[in-house]
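What follows is a single structure, written as structure tokens, with notes after it.
Rule-based calculations on the coordinates, nothing more; no lab input. Please read all numbers here as calculations on a predicted model, not as lab measurements. A quick note on method: Cβ atoms are made from the backbone with ideal geometry, for glycine too, and the neighbour counts reach across all protein chains shown.
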Amino acid sequence: MSILEVKNLQVRVEEREILHGLSLTVNPGEVHAIMGPNGSGKSTLSHVIAGKPGYEVTGGEILFKGENLLEMSPDVRSSKGVFLAFQYPVEIPGVATMTFLRTALNAQRKARGESEFSTPDFLKKVRSVAASLNIPQDMLRRGVNVGFSGGEKKRNEILQMALFEPSLCILDEMDSGLDIDALRVAADGVNALRSPDRAMVVITHYQRLLNYIVPDFVHVMSKGKVVKSGGKELALELEASGYAQFEDAA
Amino acid sequence: MAAVQETVDRVRRIDVDQYRYGFETLIESDKAPKGLSEDTVRFISAKKNEPAWMLEWRLEAYRRWLTMTEPNWARVDYPKIDYQDLYYYSAPKPKKTIGSLDEIDPDILETYKKLGIPLREVEVLEGVVRPEGERRIAVDAVFDSVSVATTFQKELKQAGVIFMPISEAIREHPELVRKYLGTVVPTSDNYFATLNSAVFSDGSFVYVPPGVRCPMELSTYFRINERNTGQFERTLIIADKGAYVSYLEGCTAPQRDENQLHAAVVELVTHVDAEIKYSTVQNWYPGNSEGKGGIYNFVTKRGDCRGNNSKISWTQVETGSAITWKYPSCILRGDNSRGEFYSIAISNGHQQVDSGTKMIHLGKNTTSRIISKGIAAGVSQNTYRGLVTAHRKATGARNFTACDSLLIGDKCGAHTVPYIEAKNSSALFEHEATTSKISEDVLFYCVQRGLSQEEAVGLVVNGFVKDVLQQLPMEFAVEAQKLISISLEGSVG
Ligand SMILES: Nc1ncnc2c1ncn2[C@@H]1O[C@H](COP(=O)(O)OP(=O)(O)OP(=O)(O)O)[C@@H](O)[C@H]1O
Ligand SMILES: [Mg+2]
């Protein structure tokens, strides 16, 4: 069964239609890249999948492992395995990152009827994942994303992804703001999570990221629709010729 | 909305239960006649076997009160109180005693569970009498923990700390009480303080002798020995030279009282090099969904840093009451003395909070610090009102004030009213204020990571108030954190 099926999705924000009948199917083990010009609706799609309020779905449907995702509250979607690494991760002053990770992980486990992690088990897990992502311990003691550099914020997103072990990972421009070294570390982190029963949707503007995270499929979005799909070579093509050729197709 | 309804229903059920448990049955002879007159004052004083000087002191306050008018400048709004329609004295009512926690409404137990209060303590707070023996004892003496209390008493006695109900102190240590009572909050201070002086019911008296560090947080003691002090509480704490004491008032457990008007007075005195840390966690009944029936909490709290290098620190977490009107203050009389005020004030539903502090710099090089966190939800109004003054002789006075307000939803209000008066040019006062709305993006971030909407609000708010929470004694910080989340239930979505 597919992990994600978006069928003819139509979405409005404040009376304006942003997605005009978008379809996308993602199977277990696959990595899909979504590319497209600014404002084409990539973040909107990721927000609607995650259940952010403020978007009105006026048509189509989204199935997650065959279930109607649109009927679930966003925290339920999370506990069922939908993870969104944000383009702009927010800061939560006064809440230590470690506390946040633990609260979130245990909330998800509780929702699934699983037992909470014991403190030593949790610490062991966080420390090993953090180490693999070059995240220093003192960053975990600071407020969530407070005073983090752009790169640190993105790594913190990957850290959570590794910790929560979701079955669908949507990464919204995880490469923006990362220098080459940080990009490699983050990409390695993502690649380590690739598995036959997990799927990923990687949103990016740059082919460069796709050298590190090699996708199985590439989709081009323009004006709220997928206008072209192909293999990883499509990204190279885009890099050479830009989006202009697709603007008309939309 | 659903959660608000749930809270309301829960409170309603509690109402019904307390009624069923005979909350209303009073023994008439233990009550002063309704209304306030010299006779009422005499009745109270006689009930407490007070010496003549105490009665005189009360009567003087009463006569003064007759000449005063109720203040109306706070940003709170409430129906006129008919002072002749109130009772001013009733003996503490024992709660209905019950055999086991099974008899308590599961919803109430759930609240305790959310607060993380151990079951044994819940038994005490809810008045469970264990079956062995047919003893029927008032709440404050029930428990097997009596033995714990006795151990504490012994320890305090060894250290020379006097800690007892003020009604007892008036009889047993009249010289101390006479020396200090009303010297920080004069009987004529304000309408509610004057009223309190005339009719105060009971409260705590603490005296820590020179050089003594009180061997325990008096909070620890309190937790197991909660007393019903009535609506006009009077507290007097003195730290003599070089002494230190930490005192916690209140309780995270939901508190109800059939007395709507509460007007407490708290006086603190520190001598040279002494320090008092006074923490309050208040969770009075805030009223029903229309704001009816909640407690009016009009409190006068003031500390006097009488000696050089002394320090008074107020920390408060206020989540309850229909109306809160309180300004714990410090008079920084001694040179180099320091006053601190850390406050978390949460208002939800129809609550009205008008709180803040006064820092009166009289001595040289006195310093003060004010950290106020106001959180407003529902249709509540939350006002910080602060006064910082430096007297002419207070050269080198310093104050730092930071007032942050967080709004949840768009029907509530937060207001910051700072007054600053520097009568000498070397005083340095800094004031920062921010007001922000709880961010939808931050909430969504949390929810995307698996937290429910309410958990997300609780987490964000607890982050917002962290600086203040850290000032609380450890065991209460954890509970206060949970209390904050509970009091905001149903405030979003
Ligand atoms: N809350 C909102 N209110 C009004 N318009 C919105 C809102 N959110 C998104 N839009 C509009 O929807 C369109 C798509 O935005 P979206 O953020 O999904 O694009 P994107 O493809 O992620 O762009 P980028 O590459 O710049 O991140 C834009 O025109 C944007 O202005
Ligand atoms: Mg975007």
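Only lysines eight or more places from A:K80 in sequence, or on another chain, were considered; those with a Cα closer than 25 Å are A:K7, A:K42, A:K52, A:K65, A:K110, A:K124, A:K125, A:K153, A:K154. Between amide H atoms placed 1.01 Å from N, distances below 5 Å from B:T315 occur with B:Y278, B:S279, B:T280, B:Y342, all of them 5 or more places distant or on a separate chain. Between A:S23 and A:N8, A:L9, A:V226, the built amide H atoms are under 5 Å apart, and every one of these is 5 or more places off in sequence or on another chain.
Prolate is the label for region A:53-147. Its Cα gyration tensor axes, ordered a ≥ b ≥ c, give a/c of at least 1.5 and a/b above b/c. Across chain A, the longest piece that holds none of the GluC sites (Glu not before Pro) lying in DSSP loops with up to 13 other C-beta atoms within 10 Å covers A:117-250. For B:G396, the residues whose amide H sits under 5 Å from its own are B:N365, B:S426, B:A427, ignoring neighbours fewer than 5 places away on the same chain, with H placed 1.01 Å from N. Fewest-first ordering of B:F476, B:F298 by other beta carbons within 10 Å of each residue's beta carbon gives B:F476, B:F298.
Peptide A:92-103 has a mean of 5 when you count, residue by residue, the C-beta atoms of other protein chains within 10 Å of its C-beta. Residue-wise HN-Hα couplings along region B:240-248, as the Karplus relation 6.51 cos²θ - 1.76 cosθ + 1.60 with θ = phi - 60° gives them from phi, are 6, 2, x, 8, 9, 8, 10, 10, 10 Hz; Gly and Pro carry x. Our summary gives region B:359-445 a relative contact order of 34 percent, counting only alpha carbon pairs under 8 angstrom and 6 or more residues apart. For region A:73-152, the residue among A:S118, A:Y88, A:S73 whose Cα projects farthest onto the positive side of the dipole built from Cβ charges is A:S118. Summary value for region B:279-376: 29 percent relative contact order, contacts being C-alpha pairs under 8 angstrom separated by 6+ residues.
Going from the fewest other Cβ atoms within 10 Å to the most, the residues A:H32, A:H47 appear in the order A:H32, A:H47. Computed from Cα positions, the angle between helix A:150-164 and the longest principal axis of chain A comes to roughly 80 degrees. Each helix, a run of at least 4 DSSP H residues, gives -39500 (n - 2.57); summed and divided by the residues of chain A, these come to -11500 deg cm²/dmol at 222 nm. Shape call for region B:393-483 from the C-alpha gyration tensor, a ≥ b ≥ c root eigenvalues: rounded (a/c under 1.5), prolate (a/b greater than b/c) or oblate? Cα axes put region B:393-483 in the prolate bin. With kT/(6 pi eta Rh) evaluated at 10 °C and eta = 1.306 mPa s, and Rh the Kirkwood radius from Cα pairs, region B:342-453 diffuses with a coefficient of 103 µm²/s according to Stokes-Einstein. For region B:148-208, a Kirkwood hydrodynamic radius built from all Cα pairs, placed in the Stokes-Einstein relation at 10 °C and 1.306 mPa s, yields a translational diffusion coefficient of 123 µm²/s.
Karplus-derived 3J(HN,Hα) values for region A:136-149, using 6.51 cos²θ - 1.76 cosθ + 1.60 with θ = phi - 60°, are x, 4, 5, 5, 6, 8, 6, x, 3, 6, 6, x, 6, 6 Hz; glycine and proline are entered as x. For region A:1-74, the calculated P(r), taken from all Cα-Cα distances in 5 Å bins from zero up to the bin holding the longest distance, is 4, 15, 27, 28, 18, 7, 1, 0 percent. With semi-axes defined as the square roots of five times the eigenvalues of the C-alpha gyration tensor, the equivalent ellipsoid of region A:169-226 measures 19, 16, 9 Å, largest first. Relative to the globular-protein estimate of 2.2 N^0.38 Å, the Cα radius of gyration of region A:118-230 stands at 1.15.
When only Cα pairs below 8 angstrom with a gap of at least 6 residues are kept, chain A shows a relative contact order of 28 percent. Rounded to the nearest angstrom and listed largest first, the equivalent-ellipsoid semi-axes of chain A from its Cα gyration tensor are 29, 21, 17. Within straight-line reach of B:K277, meaning a Cα separation under 24 Å, sit the following lysines at least 8 residues removed in sequence or on another chain: B:K154, B:K157, B:K179, B:K241, B:K301, B:K311, B:K326, B:K358, B:K364, B:K373, B:K466, B:K482.
Here the Karplus curve 6.51 cos²θ - 1.76 cosθ + 1.60, taken at θ = phi - 60°, turns the phi angles of region B:198-215 into couplings of 6, 10, 4, 8, 6, x, 10, 10, 10, 10, 10, x, x, x, 9, 9, 3, x Hz, with x standing for Gly and Pro.
State whether region A:71-118 is rounded, prolate or oblate according to the following rule on the C-alpha gyration tensor (a ≥ b ≥ c being the square roots of its eigenvalues): a/c under 1.5 gives rounded; otherwise a/b larger than b/c gives prolate, and the remaining case gives oblate. Taking the square roots of the gyration eigenvalues as a ≥ b ≥ c, region A:71-118 is oblate.
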